[in-house]
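Readers should treat all values here as calculations from the given coordinates under stated rules, not as data from a laboratory. Source: prediction; values computed, not measured. Every residue, glycine as well, gets a Cβ built from its backbone with ideal geometry; the counts of neighbours run over all protein chains shown.
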Amino acid sequence: QKEVEQNSGPLSVPEGAIASLNCTYSDRVSQSFFWYRQYSGKSPELIMSIYSNGDKEDGRFTAQLNKASQYVSLLIRDSQPSDSATYLCAVRNAGNMLTFGGGTRLMVKP
Amino acid sequence: GAVVSQHPSWVICKSGTSVKIECRSLDFQATTMFWYRQFPKQSLMLMATSNEGSKATYEQGVEKDKFLINHASLTLSTLTVTSAHPEDSSFYICSARAPLAGGTDTQYFGPGTRLTVL
């Protein structure tokens, strides 16, 4: 079992819809979780971090964390074509290292 | 957020030559930097963890004699691909561990270096 799992996609949503990206992790003691966005041909950029159970909102982005279910998600409201990218979930493990999921490719269609 | 730069952004070289890639943290000190490789349409693959003043820790399957990493200062790590071959052509990305508000930290990525070996 991979430490951090994501559906590779592509996840296709129409413009204006809510995109929901999911991530599960295996290390129960993980405390820090991050979402990165990677445009094609570019390097990843940090967009959200979350440490506590519940929701954390930042603009059109909402990160959700459920430690009991070992599940973290990213919701993008009012999706735009410019949101089309690969979204990487990252989890900090007990060794203070970030482990990345394989990424989910999101396509927002006009 | 913290800024990480890489140089060069792209490089084309002949097979058998060596290529050095620099990774700099511009507005913070990075005791730990990471080197990743990414092939087209594939996920990030961690190659090595670079700690300032000590030897790098390589991931399984990464040849330490081929991918030389030096982290001589708190703001600079270099990756040298020695005797490069076409199969080494890839997108090489560095990242640096930087503090976040609230006392935690995360990784910020450089823009990447696209290496093409002819």
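When A:Ser79 is tested against (1) outside any loop (DSSP other than H, G, I, E, B); (2) touching a Leu at 6+ places or on another chain (Cβ under 9 Å); (3) more than 14 Å from every other protein chain (Cβ to nearest Cβ), only condition (1) is not met. Of the listed requirements (1) among the basic types (Lys, Arg); (2) assigned to a loop (DSSP other than H, G, I, E, B); (3) touching a residue at least 24 places away in the same chain (Cβ under 8 Å); (4) within 10 Å of another protein chain (Cβ to nearest Cβ), A:Arg105 misses just one: (2). For the range A:86-102, a residue qualifies if it is more than 8 Å from chain B (Cβ to nearest Cβ) and in contact with a Lys or Arg (Cβ under 9 Å, 6 or more places away or on another chain), and the qualifying residues are A:Thr86, A:Tyr87, A:Asn96, A:Thr99. Could you say whether any residue in the range B:58-66 is among the β-branched types (Val, Ile, Thr), under 27 Å from A:Gly41 (Cβ atoms) and more than 14 Å from chain A (Cβ to nearest Cβ)? Checking the range B:58-66: at least one residue is among the β-branched types (Val, Ile, Thr), under 27 Å from A:Gly41 (Cβ atoms) and more than 14 Å from chain A (Cβ to nearest Cβ). Would you say A:Asp55 is surrounded by fewer than 13 Cβ atoms within 10 Å (Cβ to Cβ), more than 14 Å from chain B (Cβ to nearest Cβ) and not aliphatic (A, V, I, L, M)? Judged against the criteria, A:Asp55 is a match.
In the range A:44-66, the residues that are farther than 27 Å from B:Phe34 by Cβ form Cβ pairs under 6 Å with partners that are among the aliphatic types (A, V, I, L, M) and assigned to a strand (DSSP E or B), at six or more places apart or across chains, as follows: A:Asn53/A:Leu65; A:Arg60/A:Ile76; A:Thr62/A:Leu75.
Taking the listed residues B:Ser83, B:Ser43, B:Ser95, the one that is in a loop (DSSP other than H, G, I, E, B) and at the interface with another protein chain (Cβ under 9 Å from one of its Cβ atoms) is B:Ser43, with no other qualifying. The condition (being touching a residue at least 60 places away in the same chain (Cβ under 8 Å) and not aromatic (Phe, Trp, Tyr)) is satisfied by just one residue among B:Val62, B:Val3: B:Val3. Within the range A:9-52, the set of residues being assigned to a strand (DSSP E or B) and away from chain B (no Cβ under 12 Å) comprises A:Leu11, A:Ser12, A:Val13, A:Pro14, A:Ala19, A:Ser20, A:Leu21, A:Asn22, A:Cys23, A:Thr24, A:Tyr25.
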